[in-house]
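Let me begin by presenting the structure, written as structure tokens, before commenting on it.
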DNA sequence: GTTTGTGAAACGATTCACAGCT
DNA sequence: AGCTGTGAATCGTTTCACAAAC
């Protein structure tokens, strides 16, 4: 199975979302063509993506919706819930904490940290913002495999190191720095200004 | 100028960020190797990326920091400011409006719309949330080329159509739907839950 | 007849390696 | 000597096209 492209994984996530939509409406089977159309790709792409992990369809028929959805959940590691630590209680952090999309997909933000005394102690979506100085104490109580870093750029590297020491293996990083992490830790970088810049490029080069 | 890959454009944005950092510290020249190291890529990649748009370096020396930065700003269309309309005054919208990274890069969110009467009329970062029903009136007063859609999925397509009728040519879409738009309109899709899912996949498949 | 699963072909992006300029 | 710019080679992804299954 080894070596699946990131682009494939992203598409699988998308397919899963559409499958859940179909499941909700009671649709029983779906073709690669239908999934492709919804996901903005081609039927061959859908089949290739799936073929990385097995053959889930019936020739002449298509894919059984709930079964394929379940396979995708297993492939994507979404049959369990994840406890997520969030560091940085700024505006973006605030939005993420109450973002239902995370909880719906199995990601529970279960701890929030900030260094600003004005923020520490406040309740956020039923969760107390803790002092970043207490991170080791708070996170030591339960296992956290995932974290979201929403701090200023200059502290993000140090924060990531503390998180990794505490067992975090996956980081979603909103700080505009390239984090240096060990090989067994995976980092996904999100940079919203950069997304607008790709749009600006597209506008300027038509 | 030939077809430039999206990945190239994203890296150029990154290089620009580092160049501005160097400019701030008064560094005068920088090598492809240095930029590569900061951006997590290779020197050959940096040179290839730049070579799509011209030859900006001096052999034996490297690149002049302020000059290359200016070239990149021009390439990326960042020598001007953009008026951005935002539709959807939820939590994510709220975070984006006060996100300094946008303004710093030339993107001014200059209008916010929502359909919720509780939100309409409220001041957000010095900007009044307007009724989405008045979108045509408000946006008709000034030219808007860019928009951010932060609405629920079910209205995003209709909202995009109205925006496009009003002259919007670039959309950053946070709603989890694939928007269908004319060829001359560019859409960038952001899906935060999906980013966590790629992390979950990585954790599950080690 | 329809739709999957998959090698093979086409395409695109990255890396190599070196000639050419400073 | 040092570093860029770039064609050529490599590597990875997408598309094609068709045999096999239903």
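Only residues that are more than 19 Å from residue A:177 (Cβ to Cβ) and away from DNA strand C (no atom under 16 Å from the Cβ): list them for segment B:19-28, please. I'd like the intermediate steps shown before the answer.
If we filter segment B:19-28 for residues that are more than 19 Å from residue A:177 (Cβ to Cβ), which is where we start, we get B:26, B:28.
Within segment B:19-28, just B:26 meets the criteria.
Residue A:141 - would you say it is more than 22 Å from residue B:96 (Cα to Cα), within 16 Å of DNA strand D (Cβ to nearest atom) and free of Cβ contacts under 8 Å to residues at least 24 places away in the same chain? I'd like the intermediate steps shown before the answer.
Values: more than 22 Å from residue B:96 (Cα to Cα): yes; within 16 Å of DNA strand D (Cβ to nearest atom): no; free of Cβ contacts under 8 Å to residues at least 24 places away in the same chain: yes.
In short, no.
Comparison of A:134, A:118 shows that the only residue that is out of contact with any strand residue (DSSP E or B) (no Cβ under 9 Å at 6 or more places or on another chain), modelled with pLDDT of 95 or more and more than 14 Å from every other protein chain (Cβ to nearest Cβ) is A:118.
Would you be able to say whether some residue in segment A:68-77 is within 14 Å of chain B (Cβ to nearest Cβ), within 13 Å of DNA strand C (Cβ to nearest atom), free of Cβ contacts under 8 Å to residues at least 40 places away in the same chain and within 22 Å of the chain's Cα centre (by Cα)? Yes, some residue in segment A:68-77 is within 14 Å of chain B (Cβ to nearest Cβ), within 13 Å of DNA strand C (Cβ to nearest atom), free of Cβ contacts under 8 Å to residues at least 40 places away in the same chain and within 22 Å of the chain's Cα centre (by Cα).
For segment A:29-49, enumerate the residues that are assigned to a loop (DSSP other than H, G, I, E, B), more than 8 Å from DNA strand C (Cβ to nearest atom) and over 19 Å from residue A:75 (Cβ atoms). Walk me through how you get there before you give the answer.
Applying the first criterion (assigned to a loop (DSSP other than H, G, I, E, B)) to segment A:29-49 yields A:31, A:40-42.
Retained after the next criterion (residues that are more than 8 Å from DNA strand C (Cβ to nearest atom)): A:40-42.
Residues satisfying the conditions are A:40, A:42.
Restricting segment A:78-91 to residues that are surrounded by fewer than 19 Cβ atoms within 10 Å (Cβ to Cβ) and within 12 Å of another protein chain (Cβ to nearest Cβ), which is farthest from DNA strand D (Cβ to nearest atom)? Selected residue: A:90. When segment A:97-107 is filtered for residues that are over 20 Å from residue B:205 (Cα atoms) and within 7 Å of another protein chain (Cβ to nearest Cβ), the ones remaining, listed by number, are A:98, A:99, A:101, A:102.
With respect to the conditions (1) within 12 Å of chain B (Cβ to nearest Cβ); (2) within 26 Å of residue B:205 (Cα to Cα), residue A:94 falls short on a single one, namely (2). Scanning segment A:28-47 for residues being under 26 Å from residue B:205 (Cβ atoms), surrounded by 15 or more Cβ atoms within 10 Å (Cβ to Cβ) and within 24 Å of the chain's Cα centre (by Cα) gives a total of 8.
Only one of these is within 22 Å of the chain's Cα centre (by Cα) and more than 12 Å from chain A (Cβ to nearest Cβ): B:190, B:148, B:181, B:159. Name it. Outline the logic, then answer.
Details: B:190 fails: more than 12 Å from chain A (Cβ to nearest Cβ); B:148 fails: more than 12 Å from chain A (Cβ to nearest Cβ); B:181 fails: more than 12 Å from chain A (Cβ to nearest Cβ).
Matching residue, one of B:190, B:148, B:181, B:159: B:159.
The residue pairs whose first member lies in segment A:46-64 and is outside the structural domain of residue A:27 (by TED's automatic domain parsing), whose second member is more than 9 Å from DNA strand D (Cβ to nearest atom) and at pLDDT 95 or above, and whose beta carbons are closer than 6 Å, counting only pairs six or more residues apart or on different chains, do not exist in this structure. Has segment A:50-67 got at least one residue that is within 14 Å of another protein chain (Cβ to nearest Cβ), within 30 Å of residue A:164 (Cβ to Cβ) and within 13 Å of DNA strand C (Cβ to nearest atom)? Yes, because at least one residue in segment A:50-67 is within 14 Å of another protein chain (Cβ to nearest Cβ), within 30 Å of residue A:164 (Cβ to Cβ) and within 13 Å of DNA strand C (Cβ to nearest atom).
Name the single residue, out of those in segment A:9-27 being over 16 Å from residue A:73 (Cβ atoms) and either surrounded by fewer than 13 Cβ atoms within 10 Å (Cβ to Cβ) or within 11 Å of DNA strand D (Cβ to nearest atom) (or both), that is farthest from the other protein chains (Cβ to nearest Cβ).
That would be A:26.
When you look at residue A:99, is it surrounded by 18 or more Cβ atoms within 10 Å (Cβ to Cβ), at pLDDT below 95 and under 29 Å from residue B:151 (Cα atoms), yes or no? It would help to see each step written out before you state the result.
Working: surrounded by 18 or more Cβ atoms within 10 Å (Cβ to Cβ): yes; at pLDDT below 95: yes; under 29 Å from residue B:151 (Cα atoms): yes.
It is true that residue A:99 is surrounded by 18 or more Cβ atoms within 10 Å (Cβ to Cβ), at pLDDT below 95 and under 29 Å from residue B:151 (Cα atoms).
The values are calculated or read from the model by the stated rules, or taken from the named source; none is laboratory data. Every value quoted in this text rests on a predicted model; they were computed, and no experiment measured them. Backbone-built Cβ (ideal geometry, glycine too); neighbour counts: all protein chains shown.
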